[in-house]
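What follows is a set of notes on a single structure, which appears directly below.
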């Protein structure tokens with residue numbers, strides 16, 4: 001519940017986050033799950049949200065910032081609607097994963113770690129998706145695509161709006 | 001209870017799902033209803049069969065017929081021919097490589113025949129989202145025996161007798177680890193599972209989590225009872241969404257049946273298990289870093305001692321093992337430690353699951369007894385090298401391991417023999433490389449990975465790996481000098497001896513192992529400015545073989561730098577000063593007229 005007596009109605013996101021606080025209230029090691037939930041709600045971790053989490057969990061912002069920047073999963077900037085993860089793990093490396101990454105750059109015009117201006121795609125490279133039997137592999141959102149060749153990439157990405 | 005005359009198993013592991021098995025399942029269900037077979041034949045979604053290369057996989061019981069690379073259009077035929085009329089659809093059977101012989105039964109395929117499945121005993125055979133199927137295959141019987149007939153000390157002793165060693169990489173005896181934790185005083189202890197499978201090229205833990213989650217829960221509960229823990233955590237990578245989902249289902253079902261939670265099976269023993277999603281940091285596979293991460297901090301390792309068994313999660317005694325280790329435990333208590341110890345070598349008991357990847361014909365998961373020769377794994381189970389190329393090396397143990405060349409392929413595989421060869425068991429990833437892989441490039445690849453994942457806490461790892469990587473980069477770019485080799489060796493030795501945790505201590509291994517067995521490749525890069533495998537693009541030159549060139553112009557059209565010229569139907573030429581060595585022309589040429597070297 002909001003106890004600050006403010007006039008402004010809370011946004012839907014803030015209400016969702018409130019539920020998360022209630023769920024983890026008083027639990028040990030809550031910071032990472034709260035950050036994960038907050039990122040699910042907002043799509044990334046805006047500075048105001050980090051300050052809010054700091055106040056609610058009574059953890060300094062400096063520590064939260066340290067945690068957020070340590071883990072690959074957390075993002076401080078807005079992300080695309082579709083997350084393209086190209087695997088550059090060992091098995092994919094020896095079967096031409098780098099060529100897939102090049103094809104992605106060619107298809108959507110952004111490099112590893114970038115997001116398109118229309119927020120349609122975010123491109124990330126990852127070390128292993130655990131589907132090495134199908135190398136080279138790429139994951140778009142929660143779907144894994146295997147046995148890729150560079151010429152399949154453009155059409156495949158086109159399907160994600 | 002409904003009885004069925006046959007079962008159709010469709011693989012629902014990540015590999016097969018990405019090859020389209022969800023759709024296969026849907027169409028199969030419709031087709032069975034359409035042919036009025038849905039009361040006679042049961043459709044089951046299973047976990048991973050391990051033979052991901054051949055997915056989507058469909059198995060029909062009672063015959064045990066193994067259909068591979070099944071497409072949606074094949075379903076109607078399987079249903080009307082096999083399930084209705086009893087005639088096997090020959091064209092969808094697995095064809096043995098080389099002989100091209102069709103193999104009708106699951107058990108006769110070379111990939112499975114040589115395997116001995118203990119950890120993967122249920123993967124691909126049961127529906128992982130139904131606890132009853134696990135119980136029907138003697139699931140939770142080991143736990144029942146432990147809780148009703150054994151004291152915690154007896155459990156520890158039995159574990160020690162089994163000789164099981166940690167499957168996460170280090171190979172520390174599990175029974176001994178349990179004993180340390182059980183002897184630590186205190187009312188509150190934790191049991192932890194490391195399911196942060198971060199080694200690129202290893203996916204056995206994922207298969208167990210997705211295909212047989214209850215074997216992990218049962219193993220953890222037995223461990224909890226042995227050390228006196230009443231709470232536990234499973235730390236899973238967030239990159240494994242399906243594994244997390246199946247674990248959640250498994251925990252809920254076990255709680256409902258009283259196999260997890262308070263007073264398990266009506267005894268005094270209680271244990272709660274929680275799932276913690278990792279947030280993406282390779283170093284969290286190190287046990288002290290993993291615990292820091294559960295506590296909500298940056299996942300940085302801490303010096304040991306104190307060991308987790310004395311002061312672990314929230315400063316309480318904790319025991320931490322990985323997924324494969326725990327999945328072995330129920331079997332040990334079901335059949336007894338002596339039975340378990342009949343498999344394997346003197347110092348490494350039981351089996352090990354290897355993830356076969358790279359340039360192999362049959363990629364997938366293979367579980368074999370310890371002590372088997374690498375040659376058997378690679379050439380018999382793995383079916384040999386793709387496209388009839390020549391074997392060069394196999395990288396074992398991921399970024400912490402090393403590569404092993406042809407001359408050592410007959411060494412029996414166990415923890416100690418691999419260390420003697422300069423590699424390590426690691427998590428069990430086997431990446432096979434052929435003559436087209438450059439060993440300097442491979443070493444650089446691994447070091448680039450560990451360097452990026454270094455947490456930065458200790459200097460040898462943070463600075464040392466960076467310097468090593470710079471030198472490797474220089475060599476790949478053709479700017480290496482002869483002293484670089486000794487510098488790499490010195491730096492590698494210092495980092496191994498002084499880094500704080502396992503990540504740093506093993507990071508130089510891929511470089512040192514390639515220097516040991518493939519020094520000539522380093523020398524070729526440095527002295528002759530050549531990359532013998534034709535990988536390092538700075539050291540390559542592309543040429544057109546005039547005799548093979550038909551003058552079709554396909555290469556010239558695709559060249560982004562406009563470096564290829566020539567008259568139509570006449571041999572073309574590459575202007576090496578313009579060539580950016582992207583390799584597009586080689587991919588386009590249908591006549592093998594372009595070579596690099």
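So, of the residues in the range A:125-150 that are surrounded by fewer than 15 Cβ atoms within 10 Å (Cβ to Cβ) and facing chain B (nearest Cβ under 9 Å), which turns out to be modelled with the highest pLDDT?
If we take residues in the range A:125-150 being surrounded by fewer than 15 Cβ atoms within 10 Å (Cβ to Cβ) and facing chain B (nearest Cβ under 9 Å), then A:143 is modelled with the highest pLDDT.
To keep it simple, each residue is scored yes or no on (1) under 22 Å from residue A:144 (Cα atoms); (2) assigned by TED's automatic domain parsing to the domain that holds residue B:208; (3) in contact (Cβ under 8 Å) with a residue 40 or more places away in the chain.
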{"site": "B:54", "(1), (2), (3)": "yes, no, yes"}
{"site": "B:62", "(1), (2), (3)": "no, no, yes"}
{"site": "B:91", "(1), (2), (3)": "no, no, no"}
{"site": "B:99", "(1), (2), (3)": "no, no, no"}
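Can you name every one of the helices (runs of 4 or more DSSP H) wholly within the range B:508-597 that holds 2 or more residues which are modelled with pLDDT of 90 or more?
Answer list for the range B:508-597: B:509-517, B:519-527, B:554-558.
Can you say whether residue B:290 is within 14 Å of chain A (Cβ to nearest Cβ) and either part of a helix (DSSP H, G or I) or in contact (Cβ under 8 Å) with a residue 60 or more places away in the chain (or both), as far as the supplied structure shows?
yes
Going by the conditions given, is residue B:186 at positive phi and under 24 Å from the mean Cα position of the chain (by Cα)?
no
Find the strands (runs of 3 or more DSSP E) located wholly in the range B:304-421 whose residues include 3 or more that are within 14 Å of another protein chain (Cβ to nearest Cβ), and list them. Show your work before the answer.
Details: elements: B:318-322, B:351-358, B:364-369, B:391-396, B:402-405.
It comes to B:351-358, B:364-369, B:391-396.
Which number in (1) outside any helix (DSSP H, G or I); (2) within 14 Å of another protein chain (Cβ to nearest Cβ); (3) under 28 Å from residue B:445 (Cβ atoms) marks the one condition that residue A:111 misses?
It fails just one condition, (2).
With free of Cβ contacts under 8 Å to residues at least 40 places away in the same chain and over 14 Å from the mean Cα position of the chain (by Cα) as the only criterion, which of A:90, A:105, A:69 stands out?
On the way: A:90 fails: free of Cβ contacts under 8 Å to residues at least 40 places away in the same chain; A:69 fails: over 14 Å from the mean Cα position of the chain (by Cα).
Going through A:90, A:105, A:69 in turn, the sole match is A:105.
Working only within the range B:345-372, note down all residues that are farther than 27 Å from residue B:433 by Cβ and either surrounded by 24 or more Cβ atoms within 10 Å (Cβ to Cβ) or in contact with a helix residue (DSSP H, G or I) (Cβ under 7 Å, 6 or more places away or on another chain) (or both).
B:347, B:349, B:350
Residues in the range A:116-124: is at least one within 12 Å of chain B (Cβ to nearest Cβ) and outside any loop (DSSP other than H, G, I, E, B)? If you could, list the steps in order and put the result at the bottom.
Step one: of the range A:116-124, the residues within 12 Å of chain B (Cβ to nearest Cβ) are A:124.
Right, trim to outside any loop (DSSP other than H, G, I, E, B) and you get A:124.
Yes, the range A:116-124 contains a residue that is within 12 Å of chain B (Cβ to nearest Cβ) and outside any loop (DSSP other than H, G, I, E, B).
Run residue B:400 past the list (1) in contact (Cβ under 8 Å) with a residue 60 or more places away in the chain; (2) crowded, with 23+ Cβ neighbours inside 10 Å; (3) over 16 Å from the mean Cα position of the chain (by Cα) and report the number of the one that doesn't hold.
Condition (3) is where residue B:400 drops out.
Please determine, by comparing only the residues of the range B:229-271 that are touching a helix residue (DSSP H, G or I) at 6+ places or on another chain (Cβ under 6 Å) and assigned to a loop (DSSP other than H, G, I, E, B), which one is surrounded by the fewest Cβ atoms within 10 Å (Cβ to Cβ).
B:267
Run down B:197, B:133, B:210, B:138 and say which single residue is in contact with a helix residue (DSSP H, G or I) (Cβ under 7 Å, 6 or more places away or on another chain) and farther than 23 Å from residue B:276 by Cα. Break it down stepwise before answering.
Numbers: B:197 fails: farther than 23 Å from residue B:276 by Cα; B:133 fails: in contact with a helix residue (DSSP H, G or I) (Cβ under 7 Å, 6 or more places away or on another chain); B:210 fails: farther than 23 Å from residue B:276 by Cα.
From the options B:197, B:133, B:210, B:138, the qualifying one is B:138.
Scan the range B:373-425 residue by residue and report those that are touching a helix residue (DSSP H, G or I) at 6+ places or on another chain (Cβ under 7 Å) and within 27 Å of residue B:339 (Cβ to Cβ).
B:380, B:381, B:411, B:413, B:425
Buried (at least 20 other Cβ atoms within 10 Å of the Cβ), part of a loop (DSSP other than H, G, I, E, B), within 19 Å of the chain's Cα centre (by Cα) and within 14 Å of another protein chain (Cβ to nearest Cβ): is that true of residue B:427 in this structure?
Considered against the rule, which asks whether it is buried (at least 20 other Cβ atoms within 10 Å of the Cβ), part of a loop (DSSP other than H, G, I, E, B), within 19 Å of the chain's Cα centre (by Cα) and within 14 Å of another protein chain (Cβ to nearest Cβ), residue B:427 comes out as yes.
Taking residue B:416 as the residue in question, decide whether it is in contact (Cβ under 8 Å) with a residue 40 or more places away in the chain and farther than 27 Å from residue B:205 by Cβ.
no
For residue A:73, are the conditions met, namely being away from every other protein chain (no Cβ under 14 Å), part of a loop (DSSP other than H, G, I, E, B) and modelled with pLDDT under 90?
Judged against the criteria, residue A:73 is not a match.
Does residue B:324 qualify as being closer than 22 Å to residue B:177 by Cβ, modelled with pLDDT under 95 and assigned by TED's automatic domain parsing to the domain that holds residue B:180?
In short, no.
Touching a helix residue (DSSP H, G or I) at 6+ places or on another chain (Cβ under 7 Å), more than 30 Å from residue B:291 (Cα to Cα) and not assigned by TED's automatic domain parsing to the domain that holds residue B:422 - does that describe any residue in the range B:498-509?
No, that holds for no residue.
Would you be able to say whether some residue in the range B:462-469 is free of Cβ contacts under 8 Å to residues at least 24 places away in the same chain, within 30 Å of residue B:540 (Cβ to Cβ) and in a helix (DSSP H, G or I)? Lay out the reasoning, then the answer.
To start, the set of residues in the range B:462-469 that are free of Cβ contacts under 8 Å to residues at least 24 places away in the same chain comprises B:462-463, B:466.
Imposing the further condition that a residue be within 30 Å of residue B:540 (Cβ to Cβ) reduces the set to B:466.
Okay, now just the ones that are also in a helix (DSSP H, G or I), so B:466.
Yes, there is a match, as at least one residue in the range B:462-469 is free of Cβ contacts under 8 Å to residues at least 24 places away in the same chain, within 30 Å of residue B:540 (Cβ to Cβ) and in a helix (DSSP H, G or I).
Report the residue count in the range B:170-218 for those that are away from chain A (no Cβ under 14 Å), out of contact with any strand residue (DSSP E or B) (no Cβ under 8 Å at 6 or more places or on another chain) and assigned to a loop (DSSP other than H, G, I, E, B).
Selection size over the range B:170-218: 6.
Quick one: which of A:68, A:86, A:20 is away from chain B (no Cβ under 12 Å), assigned to a helix (DSSP H, G or I) and either crowded, with 19+ Cβ neighbours inside 10 Å or on the phi > 0 side of the Ramachandran plot (or both)? It would help to see each step written out before you state the result.
Numbers: A:68 fails: away from chain B (no Cβ under 12 Å); A:86 fails: assigned to a helix (DSSP H, G or I).
Sole residue among the options that is away from chain B (no Cβ under 12 Å), assigned to a helix (DSSP H, G or I) and either crowded, with 19+ Cβ neighbours inside 10 Å or on the phi > 0 side of the Ramachandran plot (or both): A:20.
Identify all residues within the range B:46-69 that are more than 14 Å from chain A (Cβ to nearest Cβ), surrounded by 18 or more Cβ atoms within 10 Å (Cβ to Cβ) and in contact with a strand residue (DSSP E or B) (Cβ under 6 Å, 6 or more places away or on another chain); write none if there are none.
Residues satisfying the conditions are B:46, B:58, B:59, B:60, B:66, B:67.
The values are calculated or read from the model by the stated rules, or taken from the named source; none is laboratory data. Computed from a prediction, not measured in an experiment: that's the story for all the values here. With ideal geometry, Cβ positions are generated from the backbone for all residues, glycine too; neighbour counts draw on all protein chains shown.
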